[in-house]
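What follows is a short report on a single structure.
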Amino acid sequence: MERGAHTTASLFCYNLARCVKIRSSNSYREEEEIQVDGLKLDLMKMAGIQSLPAVAAVSEKKDTPRGTGLSFEDLLESSMKQVNDLQQDSDKMVNRLATGDVDDISEVVLSAQRAEFALRLITEVRNKLVDAYQQLGRMSV
Amino acid sequence: MISDFNWKVMEKTMEGLSRRFESTSRNLANANTPEYARRNVSFEDQLREVVDGPRSLPMTITNEGHIPSGPMAVSAVVPEEIKIYDEKFRLDGNNVDPEREMAVLSQTRMAYNAMSRFVAKKGSLYRLVIGGR
Amino acid sequence: MRMFRSIDVSGSALTAHRLWMDSISSNLANVNTTRTPEGGPYKRRVPVFAEMLDKTIGGYEDIGGVRVTEIAHDNTPPRLAYQPEHPDADEEGYVAFPNVNVVREMTDMLVASRAYEANLAVADAARNMWAGALEIMRG
């Protein structure tokens, strides 16, 4: 019974994760392309569901025939770095505005908007991660 | 978080701008006072030293009691009111030009609005990250 | 500050045109002044406008605005009128009146005030553009 449930859940997640990998193999590194539901794969890893070989192959950062081997963890890490960089850029622009060294305020505004959107997106990803974790916890196995 | 560099710079800028606003409105009030020299508040150059780093080589301090040239931290930036003596002035010794003061007033107000918007935006982002929803 | 260059330029134009209005009103006020401290009749005042170059290094060096370099005297000969009973008449009975033409001054006044309004509109538009850019961030 337990094994059956694991199989279904893991195959479901494996398929979703393949979607993530296919997208990442097209070198879409932007956060907009992240399939939020693919987080469940990492959550299963966190919850210790490593029993099936199919799941194991995908959750390790190995090269699959289709993808570039880009795992979701790498994507998340690079996204966080990008969010931080955008925030730093926006801060620098505002500092230059304070000393009067900008040509037009629209540069500063747009830089602040880019930083805001990136931060909002990654915060939403974090929220969905927490939700999914809680949902998994509620799953009756 | 609250005392990060950018936040301090924004605070200091708003302080300097409001001082400039006061000084300019005092100039306008004294537009007809004899022997009155117009004033302005200067803080951008000091702030630029802190933000960009000093342009020339900074002085090496051999003793901690020695005063380094230029401000080293945002808290050391002090907006100061300076009197400006133009070469052209009216017969009564007053050099206030109402149009120029109005232009400065308008610019100060615009810069203050912009800075307060950026502070608000940064605050809302902090709230987003803390609250999460 | 580079971001406020537009308002600085408009501000310089407002100052210059206000000085022009000042000299026009002085001319009109003194249209019949035959006595001046320098001797002779009042001479028409003309402001000389010069381009002001912005001295910043790098960037657009030729956007600075306008300034009045001097308020010059118009040296065209005065208008002579035959009024022997006038206290300032010379030996032949001619009085030298200022070289101010009222119609010309009124036309100049219209030009100056229109230019002033136009520059006010520029300053206003610059302010609106600034506020518009900040509106992007609202919400």
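Remarks
- C:V31 within 14 Å of another protein chain (Cβ to nearest Cβ) and farther than 30 Å from A:N95 by Cα: no
- Within the range C:86-139, being touching an Asp or Glu at 6+ places or on another chain (Cβ under 9 Å) and under 22 Å from C:G39 (Cβ atoms) holds for C:G93, C:V95, C:A96, C:N99, C:V100.
- Residue count for the range C:19-42, restricted to those that are crowded, with 18+ Cβ neighbours inside 10 Å and either more than 27 Å from C:R79 (Cα to Cα) or in contact (Cβ under 8 Å) with a residue 60 or more places away in the chain (or both): 4
- Taken over the range B:10-57, the residue count meeting the criterion of being more than 10 Å from chain A (Cβ to nearest Cβ), outside any helix (DSSP H, G or I) and in contact (Cβ under 8 Å) with a residue 24 or more places away in the chain is 13.
- Just one of the listed residues (C:D8, C:D54) is under 22 Å from the mean Cα position of the chain (by Cα), closer than 30 Å to B:E44 by Cβ, among the charged types (D, E, K, R) and part of a loop (DSSP other than H, G, I, E, B), namely C:D54.
- Only one of the listed residues (C:A118, C:A123, C:A133) is within 14 Å of chain A (Cβ to nearest Cβ) and assigned to a helix (DSSP H, G or I). That residue is C:A133.
- For beta carbons closer than 6 Å, sequence separation of 6+ or different chains, a first residue in the range A:82-111 that is within 15 Å of B:F5 (Cα to Cα) and more than 8 Å from chain C (Cβ to nearest Cβ) and a second that is acidic (D, E) and in a helix (DSSP H, G or I), the qualifying pairs are A:T99/B:E44.
- Residue match in the range B:24-42 (condition: basic (K, R), at pLDDT 95 or above and within 15 Å of the chain's Cα centre (by Cα)): no
- Inter-residue pairs, beta-carbon under 9 Å, first more than 10 Å from chain B (Cβ to nearest Cβ) and assigned to a loop (DSSP other than H, G, I, E, B) and in the range A:114-140, second hydrophobic (A, V, I, L, M, F, W, C) and surrounded by fewer than 14 Cβ atoms within 10 Å (Cβ to Cβ), 6+ apart: A:M139/A:A5; A:S140/A:A5
- The set of residues in the range C:76-120 that are within 18 Å of C:N32 (Cβ to Cβ) and either among the aromatic types (F, W, Y) or touching a Ser or Thr at 6+ places or on another chain (Cβ under 7 Å) (or both) comprises C:Y82, C:D88, C:Y94, C:V95, C:A96, C:F97, C:P98, C:N99.
- Residue ID - nearest to C:V102 (Cα to Cα), chosen from residues in the range C:1-28 that are within 14 Å of another protein chain (Cβ to nearest Cβ) and of a type in the set (V, I, T): C:T15
The values are calculated or read from the model by the stated rules, or taken from the named source; none is laboratory data. What you are looking at is a predicted structure, and each value in this text was computed from that prediction instead of being measured. Every residue, glycine as well, gets a Cβ built from its backbone with ideal geometry; the counts of neighbours run over all protein chains shown.
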